[in-house]
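Please read the structure below before turning to the comments.
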Amino acid sequence: MLDAMTETGKRDAGGFDEFVAARSGALWRSAWLLTGDIGKAEDLLQTALGKAWPHFGRVNGDGSFEAYVRRVMFTTYVAWWRRRWNVEVPAAAVPEQAGAAVDADLRRDLVTALAALPRGQRAVVVLRYVEDLTEAQTADVLGISVGTVKSQAARAIVALRSSPALAREEDA
Amino acid sequence: MNDSFEDRLGRSLTELVPEPPTGDLAGAARTWARRARRRRQGIVAVSAAVAVLAAIGIPWAVTRGGEPGGDRGGEPVKEPEVLSLECPANVNRGALPGKPGEPLRKGAVRAQLCPAGGAGSFQPPRDVLETGLDELVETVNARPFASPASSICPGTLGTEWTVLLQYADGTAASVTGGSSGCGWLHLGPHDHQTSGRVREGSGVVHRKYLDLLAAQRATREPPHVEVSLSCPTYNPDGPLFSPAAYDDPADLRMTHAVLCWKTEALTELPFQSALLDVELIALVNADLADRVTMRERLRGECVDPLRVELVAQNAWGDRVLIPGSGCGWFGTGEWFWQPGTKVQQRFEELIESKPESEIPLPTAADEPDAAVRAWADLVNRGDRAKADSLWAAEPTLPAPGVAQIGFKGSSIRRIQPKETPASEYSQVWLMEDALYWEEPATEVRNVDITIVRDSDDQPFRILVVADRGAASVGW
């Protein structure tokens, strides 16, 4: 079965390359916001694409491969937390490449606030407010109920409201 | 602006995201998938002879310039050069040569860098320093005195070293430093109590010694040294890092190297290894010179199906472990190296040339939880027959069609059950509140696992996995 899937993946290698070229930027955004670390984000993205690639031919038939990759990415992200050897490291440095529109100190504050969220809340925030998924879509990706999405989103918003980076925009 | 807080949150978070990585992401993903596929595939038996040759921890001896391998016959192994300055097994700081705190005399004829304790040890250079010694002495004596009373030193752990100096009249002296705390220099014998005669700048002296050694080596032929490379173990039989190669791996100029890898699994598996041929060593040397960065690349640990490390040695006998930080990167924390395409391909070929380590079935000598770890590993390898054999009853997990599971153990204790079926066994252990999940499902379950056997000469088996409901982990 796995061989068959891999062969399918090989046959659709060109399509997979095109998919990665077109959508890796958006997937990268999620990966970085989940991990808060360039290295970990690269690893998470690579792992998600690697896990999904053998299924490209089968899943991409109805255009849902991106959703599939996203699901794999988020479940991998959650699974990494469970592994004892994957030490959680709080995000400390804000990359220099980050958008110039936001002041560095405030960016750091927002990264810290995001990193302080429990993983589940962080995942909900990224899916709901960065990727603009609906509550139902978010629940589907994370494999949790819509009610859990609502409650986790509400808790995350309360925590993030204290971020000066967002408060400043609110005052503006 | 009238947009909501949630809108601003999304916009602000999006602005934080750095530029995505460049490179062949699709190709990297396919490589990852092939590795994972190999991990899941069954085990191919290999001949005992090949296994013995590849066994870890068996050093092989070659002469400088020869092909690695040790089984080529021909030139006999030459003994290492005898050094006149031997590093002591344990440095007694109070008995080191020289006068406490006194400046060093010029005119030393030999010097040897030795490990002197601390958090990390290292393999001392096998060649003594015989040139530039007055320069070294001047560097030491020029270091300013420290002010221990007013200094606040970070409690960092580091490597301690001693340079032993020998003079033509038979006298000796020493200077000791390290990267712990303030990195002070102690001249001559001393204890751990600071005094008014310690100096600053251990790093300057250490670097000077290594620079002088490198300059001396540039004018000499390397000695014949025994090559002894083995993959790292939890209890290494000796220090592996050489200070002569630590700061910049490009300076190592390796002549022999072995690639070590092991599959990440709940069961501790041995390293597999393969020697690098001369062509690949040249590629790696060139790659290290071109592609090493001194910045920290990865924080935390990347989760990769394989843990890959490189153990290398150069013509001077310096050995260095280049640990893999996962997902194709190597590094020590001081520098990072992502091998280029050619090296990556050759590493892949070496890894693929050997069958994956088998998950060993627990024996009677193993702890009860070994049965659970082996079961989870075997399920994930796709070897359901062996996985099922680790149950004492009809297996109830994983759910039909699930190929990948996760498991995180918890404490385990022996119990005296009163009810069947556990009460039918003479030895019953209970692991409570372990975590179990199936992928790609995200729900984590708390489970109690009953593990049993009837006598000490039998391995433990899983009897029952009781589902206690969804676990609240991180949500």
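The values are calculated or read from the model by the stated rules, or taken from the named source; none is laboratory data. Quick caveat: nothing in here was measured; it's all calculated off a predicted structure. Cβ: placed from backbone, ideal geometry, glycine included. Neighbour counts: every protein chain shown.
Out of all the residues in the stretch B:390-432, which are among the small types (Gly, Ala, Ser), within 35 Å of the chain's Cα centre (by Cα) and either in a helix (DSSP H, G or I) or surrounded by 14 or more Cβ atoms within 10 Å (Cβ to Cβ) (or both)? It would help to see each step written out before you state the result.
Filtering the stretch B:390-432 for residues among the small types (Gly, Ala, Ser) gives B:392-393, B:399, B:401, B:403, B:406, B:409-411, B:422-423, B:426.
So of that shortlist, the ones also within 35 Å of the chain's Cα centre (by Cα) come out as B:403, B:406, B:409-411.
Correct list: B:ALA403, B:GLY406, B:GLY409, B:SER410.
Give the stretch B:327-386 a look and list any residue that's of a type in the set (S, T, N, Q), within 14 Å of chain A (Cβ to nearest Cβ) and surrounded by fewer than 20 Cβ atoms within 10 Å (Cβ to Cβ), or say none. Don't jump to the end; show me each part of the working.
Of the stretch B:327-386, the ones of a type in the set (S, T, N, Q) are B:332, B:338, B:341, B:344-345, B:353, B:357, B:363, B:380.
Narrowing the set further to residues that are within 14 Å of chain A (Cβ to nearest Cβ) leaves B:338, B:344, B:380.
Across the stretch B:327-386, the qualifying residues are B:GLN338, B:GLN344.
I need a count of the residues in the stretch A:37-65 that are more than 9 Å from chain B (Cβ to nearest Cβ) and assigned to a loop (DSSP other than H, G, I, E, B).
Adding up the residues that qualify gives 2.
From the residues in the stretch B:424-463 that are within 11 Å of another protein chain (Cβ to nearest Cβ) and not β-branched (Val, Ile, Thr), which one is nearest to B:LEU390 (Cα to Cα)? Can you show your working first?
The initial filter retains those residues of the stretch B:424-463 that are within 11 Å of another protein chain (Cβ to nearest Cβ), namely B:435-444.
Then drop every residue that is not not β-branched (Val, Ile, Thr), which leaves B:435-441, B:443.
On the way: B:LEU435: 19, B:TYR436: 17, B:TRP437: 19, B:GLU438: 19, B:GLU439: 21, B:PRO440: 24, B:ALA441: 24, B:GLU443: 24 Å.
Once the filter is applied, the top-ranked residue is B:TYR436.
Looking at A:ARG168, A:ARG82, A:ARG107, can you tell me which residue is at the interface with chain B (Cβ under 7 Å from one of its Cβ atoms) and either at pLDDT below 65 or in contact with a Gly (Cβ under 6 Å, 6 or more places away or on another chain) (or both)? Spell out the reasoning first.
Working: A:ARG168 fails: at the interface with chain B (Cβ under 7 Å from one of its Cβ atoms); A:ARG107 fails: either at pLDDT below 65 or in contact with a Gly (Cβ under 6 Å, 6 or more places away or on another chain) (or both).
None of the others qualify; the one that does is A:ARG82.
Considering only residues that are assigned to a loop (DSSP other than H, G, I, E, B) and closer than 24 Å to B:ARG291 by Cα, which ones fall in the stretch B:331-374? Write out each step before concluding.
Going through the stretch B:331-374, the residues assigned to a loop (DSSP other than H, G, I, E, B) turn out to be B:332-335, B:338-340, B:353-368.
Answer for the stretch B:331-374, where residues must be assigned to a loop (DSSP other than H, G, I, E, B) and closer than 24 Å to B:ARG291 by Cα: B:THR332, B:GLY333, B:GLU334, B:TRP335, B:GLN338, B:PRO339, B:GLY340.
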